[in-house]
Amino acid sequence: MAIHRAAAAFRHLSRRLLSSTRAAASPRLLGHFHQPGSMVCNFDYESPTPPPAPIAPCFEPLAAAASPRLLSLDFLPVDTSRFTLYDSRHGLLVLFLRTRIGGPHILVCDPVSRRRALLPPPPLAVAAEAGALIGPALLSRAAGGFEFEVVCLTVDAARRPRALVASVRDGDCSWRVLPRSGDAEIGFDPHWLERQCVHAAGSLYWHICNSHSALALDPTTMEFSYRRAPAILLAEHGFPKFRFGEMPDDGRLCVGALENEVLWLCVQGKGSGDGWVLEEKICMNKVLDLVPGLPKHPMGRTYTTMLDDIDAGRTGKVFIKSLGFGFYSYHLDTGKLDRLVTDEGRDYGSPIFAYFSTTDGWRLPAGRTGEVLCFTSQLACLGLWIMYR
């Protein structure tokens, strides 16, 4: 036991030293955005609390200096509770509203500078070639400005993944669908693809329900491929709910899973046939005992608790979701389990997006109201305003 505590202390110290050396050059983590859960926290299952109205995305600051009021989305001229938070990257948020008429609405905003852009739907010919839209994600952003690219994962008629890219440059927005690339095929119902992606070690990953692999996009080559989960996880658990992410100390690509009351973390490395090695294996039995009302039987815990994500903010935490017993964060170094609940008593929503400041400073100058880019026609803008006001 003393050896394990010493190893944990050494990992904690090394992560602090590495993070301090990166602090001057790296964007600063301000906190996390999420869309609170639809159920109020309540363990009385004989009289459950009815689900409330849809909730708008909200910000949870990392420290008191980052005011949640400053980074609210109240500057957006739409009802954000009708949109779904899809991504957070490079100081930008992506909100998505899927509609039957007028195409999907993609809203990109910078909560710090309060700039926003409502992207036009892709042209019909481009959309028809791209196929069914799964969801948008941020691809890149130009330094110091409001120029960016959004990629939409689509599945075309040949059941191949395609990248539909919107580029915002100099006040203009253009759409293009990229050619088929790689050998990846969608040999399953696209319904099982998660709509929101995970950014990890330079690539984008869309997890797939009940699958051994995740769909990966290389933003350099714009090629799709499948990334298989570590063999040690598959051999032990068959179909674990695994998550791609980054190790908090050095940003290495990793895969985590919570199965049978054990938290697994695997990283890329030599010494195994599939290129994955076990980094950490943590018994969570005593930790899960702290969750009120959670079943005591291991089988019940297996079905009701799962790893939701590895914190993209690289805080050393992972997020654990349960079915009806709350949402939690677990610190890998300290072993501390914290309940994630809003002031209104609602569980945090999933996923939880880390929000970093941009390198050109994060505080909004006094009196600045923000830049607005809207590429839809005046009639469409008026229709959206009437719909959402």
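Working only within region 183-205, note down all residues that are under 26 Å from Asp249 (Cβ atoms), hydrophobic (A, V, I, L, M, F, W, C) and buried (at least 20 other Cβ atoms within 10 Å of the Cβ).
Of region 183-205, the ones under 26 Å from Asp249 (Cβ atoms) are 196-205.
Still in the list and also hydrophobic (A, V, I, L, M, F, W, C): 197-198, 200-201, 204.
Answer for region 183-205, where residues must be under 26 Å from Asp249 (Cβ atoms), hydrophobic (A, V, I, L, M, F, W, C) and buried (at least 20 other Cβ atoms within 10 Å of the Cβ): Cys197, Val198, Ala200, Leu204.
Candidates in region 243-276 are the residues that are open to solvent by 40 Å² or more (accessible area, probe 1.4 Å) and over 23 Å from the mean Cα position of the chain (by Cα); of these, the one that is nearest to His207 (Cα to Cα) is Asp274.
Among residues of region 212-242 being more than 17 Å from Trp264 (Cα to Cα) and among the charged types (D, E, K, R), the one that is surrounded by the most Cβ atoms within 10 Å (Cβ to Cβ) is Glu223. Looking at region 85-127, which of the residues that are touching a residue at least 60 places away in the same chain (Cβ under 8 Å) and of a type in the set (Val, Ile, Thr) is surrounded by the fewest Cβ atoms within 10 Å (Cβ to Cβ)? Once the filter is applied, the top-ranked residue is Val112.
Name the residue that is most open to solvent (accessible area, probe 1.4 Å), counting only residues in region 293-312 that are assigned to a loop (DSSP other than H, G, I, E, B) and modelled with pLDDT of 95 or more. Spell out how you get there, then give the answer.
Step one: list which residues in region 293-312 are assigned to a loop (DSSP other than H, G, I, E, B), which gives 293-297, 311-312.
Applying the additional criterion that residues be modelled with pLDDT of 95 or more yields 311-312.
On the way: Asp311: 6, Ala312: 54 Å².
Going through the qualifying residues, I end up with Ala312.
Per the conditions (1) open to solvent by 30 Å² or more (accessible area, probe 1.4 Å); (2) modelled with pLDDT of 95 or more; (3) small (Gly, Ala, Ser), the sole criterion not satisfied by Ala132 is (2).
When you check Arg176 against the structure, is it surrounded by fewer than 17 Cβ atoms within 10 Å (Cβ to Cβ), touching a helix residue (DSSP H, G or I) at 6+ places or on another chain (Cβ under 9 Å) and of a type outside the set (S, T, N, Q), yes or no? For Arg176, the condition - surrounded by fewer than 17 Cβ atoms within 10 Å (Cβ to Cβ), touching a helix residue (DSSP H, G or I) at 6+ places or on another chain (Cβ under 9 Å) and of a type outside the set (S, T, N, Q) - is met.
Looking at region 313-339 only, could you name the residues that are among the aliphatic types (A, V, I, L, M) and open to solvent by 20 Å² or more (accessible area, probe 1.4 Å)? Leu323, Leu337, listed by residue number. Taking region 127-163 as the range and being within 11 Å of Leu92 (Cα to Cα), assigned to a loop (DSSP other than H, G, I, E, B) and charged (D, E, K, R) as the test, only Glu147 passes. Could you go through region 242-260 and let me know if any residue there is among the aliphatic types (A, V, I, L, M) and either on the phi > 0 side of the Ramachandran plot or in contact with a helix residue (DSSP H, G or I) (Cβ under 8 Å, 6 or more places away or on another chain) (or both). Yes.
Among the residues of region 60-71, the ones that are surrounded by fewer than 16 Cβ atoms within 10 Å (Cβ to Cβ) and modelled with pLDDT of 90 or more come to 0 in all.
Would you mind stating whether Gly349 is closer than 19 Å to His34 by Cα, open to solvent by less than 60 Å² (accessible area, probe 1.4 Å) and at pLDDT below 95? Even if it seems obvious, please write down each step before you answer.
Numbers: closer than 19 Å to His34 by Cα: yes; open to solvent by less than 60 Å² (accessible area, probe 1.4 Å): yes; at pLDDT below 95: yes.
Against the criterion (closer than 19 Å to His34 by Cα, open to solvent by less than 60 Å² (accessible area, probe 1.4 Å) and at pLDDT below 95), Gly349 qualifies.
The values are calculated or read from the model by the stated rules, or taken from the named source; none is laboratory data. It should be emphasised that the depicted structure is a prediction, and the values quoted were computed from it without experimental measurement. Quick reminder, even Gly has a Cβ in these numbers, built from the backbone with ideal geometry, and neighbours come from all protein chains shown. Areas reflect the complete protein model, heavy atoms only, side chains present, ligands, DNA and RNA absent. Shrake-Rupley method; radii C 1.70, N 1.55, O 1.52, S 1.80 Å.
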